[in-house]
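Q: Let me begin by handing over the structure; questions about it come next.
All of the numbers you see were taken from the coordinates with simple rules; none came from a lab. The shown structure was predicted, so the numbers you read here are calculated from the model rather than taken from an experiment. Cβ: placed from backbone, ideal geometry, glycine included. Neighbour counts: every protein chain shown.
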Amino acid sequence: MEESLVRELIDPRSPLNVESLLDAVTALVDDCNHPVLRRIKNIDSFVSRYECLARRLNEGRLKGSDFQLVKVIGRGSFGEVQLVRHTRTRQVHAMKLLNKYDMIKRSDSAFFWEERDIMMMANSNWIVKLHYAFQDTRYLYMVMEYMPGGDLVYLMATYDVSEKWARFYTAELVEALSTLHGLGFIHRDVKPDNMLIGKNGHIKLADFGTCVRMSKDGVVKCSTAVGTPDYIAPEVLRNQGHDHEYGREVDWWSVGVFVYEMLVGETPFYADALVNTYTNIMNHRDTLQFPDDGPPMSCHSKNLIRLLLSDADERLGRNGADEVREHAFFRNEDWTWESLPTAVPPFVPDLRADDDASNFEVDEQIDQGETFQIPRAFTGNQLPFIGFTYSNEYSPAEQLKNVLAE
Ligand SMILES: CN(C)[C@H]1CCc2nc(NC(=O)c3cccc([C@H]4CCCN4C(=O)Nc4cccc(C#N)c4)c3)sc2C1
């Protein structure tokens with residue numbers, strides 16, 4: 001076997017790696033191992049031959065029972081995030097579960113690839129790290145670094161955010177977006193829910209389900225409106241059903257909404273009915289207003305917000321993150337763009353223990369989520385998830401290397 005193929009087999013980032021091949025065997029056995037299907041001779045003999053092999057393979061791989069649930073700390077459309085403790089290492093992590101049945105039922109089973117790839121390869125202090133990704137017949141699992149400070153929604157609801165605080169968090173968001181754009185992705189759903197506070201008070205970007213890879217000329221052609229209404233850029237809304245292009249500047253619009261919300265206390269285009277929010281966003285030239293009451297806002301903050309909440313072709317940031325960095329709003333005595341990662345944050349979480357989840361509050365949900373019924377024909381429900389598994393030191397390839405090295 002030539003050198004390059006061996007290299008692919010052990011490279012956790014290669015789609016050809018051993019993990020993907022093990023996923024394929026496991027998926028095929030799961031999809032075939034049903035009574036109706038096993039009446040077919042070929043299927044029955046295949047499952048008989050591979051069923052116990054697949055079980056043995058999966059004993060050595062990461063599984064849900066390797067982690068103890070401490071507390072549910074977040075919920076999304078297709079699953080939840082749990083604070084868990086890894087039984088063997090005693091490490092705490094945030095583990096996101098995505099329900100395979102829900103994804104198949106809503107034929108929405110491809111959005112997680114960007115999230116997995118970004119967190120796996122970013123290797124940046126501004127992007128939440130992925131430690132392991134694995135799966136079973138019901139869920140995809142992403143084991144990520146735990147961010148004990150909670151999200152910025154919780155911070156804004158708990159504290160009065162001054163311009164000094166807003167400047168710090170906006171600066172860290174600029175760095176995170178610059179990194180993400182540098183990796184070739186647009187986030188499309190930048191909002192305080194996706195900005196998480198680490199143990200040291202610095203923030204990181206999380207939840208990359210709405211990310212999309214830019215084409216080589218830095219744009220995406222996507223007609224489905226993605227993201228959360230309040231933060232969505234007008235050109236993404238206008239794109240509904242058409243296939244105009246838009247680029248990374250859609251994320252800079254969301255930064256403008258975020259700055260406004262921190263300083264004013266609510267989003268600029270909020271309306272009780274969704275359709276009115278959209279109308280306000282489309283008419284932002286007339287609807288963007290600063291309240292007379294409430295804390296006075298500096299002219300720099302108003303100017304930055306106006307430059308970010310403007311049409312795409314004149315929006316600050318369309319020529320790169322530097323033109324945002326250079327805005328007067330960021331001038332200060334406490335940090336420079338280089339020293340920001342080591343600057344003292346305005347708020348450092350006060351934690352009682354490594355599994356302290358007091359900065360997260362989630363309403364308890366009872367229903368466990370639906371699971372697959374027994375199929376009456378081959379459905380291939382497991383096939384869209386082949387290749388998702390990634391776990392560096394647990395990968396069989398790593399273990400093969402160690403065994404061979406002994
Ligand atoms: C419509 N299609 C195309 C897709 C568009 C994108 C998309 N994203 C989804 N996403 C989800 O279904 C989901 C599940 C659990 C949690 C979360 C987030 C929302 C709440 C918190 N959260 C999250 O990711 N938290 C998180 C992440 C990382 C570390 C820590 C910590 N500590 C916490 C999202 S479903 C879906 C459909």
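Q: Near W335, within a Cβ-to-Cβ distance under 13 Å, what is the net charge of the other residues, with Lys and Arg +1 and Asp and Glu -1?
A: So the environment of W335 carries a net charge of -1.
Q: Over the alpha carbons of the chain, what is the largest minus smallest coordinate on each principal axis, giving the biggest first in Å?
A: If we take the Cα atoms of the chain, the spans are 76, 49, 47 Å.
Q: What lysines sit close enough to K71 to cross-link, taking a C-alpha to C-alpha distance under 19 Å and skipping anything fewer than 8 places away on the same chain?
A: Here the lysines satisfying the reach criterion relative to K71 are K63, K96, K199.
Q: Please list the non-local residues whose amide H lies under 5 Å from the amide H of C222, H modeled 1.01 Å from N, same-chain partners needing a gap of 5 or more.
A: Placed amide hydrogens put Y246 under 5 Å from C222.
Q: Ratio to report: Rg/Rh of the range 173-304, with Cα atoms as the point set and Rh obtained by the Kirkwood method; give two decimals.
A: Taking Rh as the inverse mean 1/r over Cα pairs, Rg/Rh reads 0.97.
Q: Springs between alpha-carbon pairs under 10 angstrom, Gaussian network model over the chain: which of L196, L237, L308 fluctuates most?
A: For the chain, modelled as a Gaussian network with Cα springs under 10 Å, the answer is L237.
Q: Then there's this: For the range 1-111, what number results from the quotient of the Cα radius of gyration and 2.2 N^0.38 Å? Please list the in-between numbers first.
A: Details: Rg = 17.6 Å, N = 111, 2.2 N^0.38 = 13.2 Å.
Here the answer is 1.34, to two decimals.
Q: What Kirkwood Rh does the range 225-368 have if only Cα atoms enter the pairwise 1/r average? Answer in Å.
A: 17.8
Q: If you average 1/r over every pair of different alpha-carbon atoms in the range 81-201 and take one over that average, what Kirkwood value in Å do you get?
A: 16.0
Q: Against the longest alpha carbon principal axis of the chain, how many degrees, from 0 to 90 and to the nearest 10, is the axis of helix 396-405 turned?
A: Helix 396-405 sits at roughly 70 degrees to that axis.
Q: Pull up all non-local amide H partners of Y146: gap of 5 or more, or a different chain, and H-to-H distance under 5 Å with H placed in the peptide plane.
A: Result for Y146 returns A94.
Q: Students often check this: by mean Cβ neighbours within 10 Å, which of 316-328, 135-147 ranks highest, and how do the rest follow?
A: 135-147, 316-328
Q: Roughly how tilted is helix 112-121, in degrees to the nearest 10 and between 0 and 90, from the longest Cα axis of the chain?
A: 80
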